[in-house]
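Read-outs: derived from the displayed coordinates by stated rules, not from any lab. Computed from a prediction, not measured in an experiment: that's the story for all the values here. Virtual Cβ from ideal backbone geometry, glycine too; neighbours counted across all protein chains shown.
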Amino acid sequence: MTRPLLEVRDLTLWRGARKILDAVSLDLAPGETLALVGESGAGKSTISAALMGLADGARVEGQARFDDVPDLIALREKGWARLRGRRLSMIFQDAGAALNPCYTVGSQLSTVLRRNLGLSRRDAKQRAFELLESVGINDARARMSAYPHQLSGGMQQRVMVAIALACNPDLLFADEPTSALDVTIQAQIVRLILDQTRAHGASCIFVLHDLALASQACDRIVVLYAGQVMEAGTCDAVLNSPRHPYTKLLKSCVVEIGTEQLDPPEGGVPGYDDLPRGCRFASRCPRAQDRCWSERPPLAELAGREVACWNPEDAA
Ligand SMILES: Nc1ncnc2c1ncn2[C@@H]1O[C@H](COP(=O)(O)OP(=O)(O)O)[C@@H](O)[C@H]1O
Ligand code: SF4
Ligand SMILES: [Mg+2]
């Protein structure tokens, strides 16, 4: 493997006495798309917030090398100002809330371009127009002077994609970028994000709540439960033949309930106040053994992927 663009090691995040992320490690190659999946409350958004320096009020430990930046976790606000929006960028879940209602979309895009790339007013306007066209906004010239509320949800999210990619970032975080949209529009926006990140040569961490989408859209997958990585590998290996009981549970929900959403019928992520010392999945795991409660299983190589489990599933 070429040198990863991002190497996260033992990322641990505390909010008061609650350990929200517990030693999360993951790698991302240049140009690669990684799906981060798990039920609500698994810590997906917290990982992206920590890696964007946006986890306000939390105590963060561990290391995260990003290209030539030795450790994102150790960065101060000044260092972040040089990275955010330029080399690291983010598409949020709700474009309607993330866009500023008081400025036209043309002016919001131009501002990003002028501030981060130092373009002149005229060049920024021209580039903003080209970016809006590239994300499939019809009649982009006229849309430049539209306010966000004058656009549909899908169009607003297209504008967010244009803003996020305006400065050719090396890494894009897309945090459930389509969950506020109609199902019919979701696939279009996912495709747009993937096409655009590829066109810009960026890597992408796609926070998803949908396994089918993850397998279609991403190269590799990290399955997260209560702030611990349970299984990680290519989408092909992990989703076709899951070896972690939690991945298997998630996959069976998709099949049995006939929904693509990850909402298993029983349980859910347990409260962070009362977690076992060992494997955090133990209270819901049909394969749990005594040691699972007290000893945390390390993330270890198994059948071409990594699995954190003392008693993994057999090959499918
Ligand atoms: N700003 C915050 N303050 C306190 N707790 C938070 C905050 N953000 C997230 N959490 C808690 O952290 C846990 C993980 O949340 P989150 O990362 O949003 O999960 P996901 O994105 O996977 O749904 C949840 O228990 C959530 O309540
Ligand atoms: S370590 Fe134990 S409790 Fe955790 S998933 Fe594996 S078998 Fe289940
Ligand atoms: Mg989230």
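Our summary of shape: the Cα atoms of region 148-196 have principal axis extents of 29, 21, 16 Å, ordered from largest down, in whole angstrom. For the chain, leaving out every one of the trypsin sites (Lys or Arg not before Pro) that falls in a DSSP loop and has at most 12 other Cβ atoms within 10 Å, the longest unbroken run is 77-276.
DSSP bridge analysis restricted to the chain gives an antiparallel fraction near 60%, rounded to the nearest 5.
One chain, two ends: Ala17 and Arg141. Fully extended at 0.36 nm per residue, the span grows by 39.5 nm beyond their Cα-Cα distance.
Only one residue of Ala58, Ile137, Leu119 has its Cα farthest out toward the positive end of the dipole of region 57-182, where Lys and Arg carry +1 and Asp and Glu -1 on Cβ, and that residue is Leu119. Extents of region 1-154, taken as max minus min of Cα coordinates on every principal axis and listed largest first, are 49, 32, 30 Å. Counting only Cβ charges, +1 for Lys and Arg and -1 for Asp and Glu, the dipole size of the chain around its Cα centre is about 1220 debye.
Between Asp123 and Thr184, full extension at 0.36 nm per residue minus the direct alpha carbon distance yields a gain of 18.5 nm.
Calculation over all alpha carbon pairs of region 191-260 in 10 angstrom steps from 0 returns a P(r) of 18, 51, 25, 6 percent. Length gained on full extension, Ser40 to Lys78: 10.5 nm, using 0.36 nm per residue less the C-alpha separation.
Placing a label point 7 Å from the Cα of Asp236 along the Cα-to-Cβ direction, the residues of region 197-230 whose backbone N falls under 18 Å of that point are 212-222. Expressed as a fraction of 2.2 N^0.38 Å, the value expected for a compact globular protein of N residues, the C-alpha radius of gyration of the chain is 1.03.
Which translational diffusion coefficient, to the nearest whole µm²/s, is obtained for region 1-90 from the Stokes-Einstein equation, given a Kirkwood hydrodynamic radius over C-alpha pairs, 37 °C and 0.692 mPa s?
Working: Rh = 13.6 Å.
Answer, rounded: 241 µm²/s.
Going by neighbour counts of Cβ atoms within 10 Å, the residues His209, His244 line up, fewest first, as His209, His244.
Taking a ≥ b ≥ c as the square roots of the eigenvalues of the alpha carbon gyration tensor, region 40-121 is oblate, as a/c is not under 1.5 and a/b does not beat b/c. All alpha carbon pair distances within region 117-202 were sorted into 10 Å bins beginning at 0; the resulting P(r) in whole percents reads 16, 50, 31, 3.
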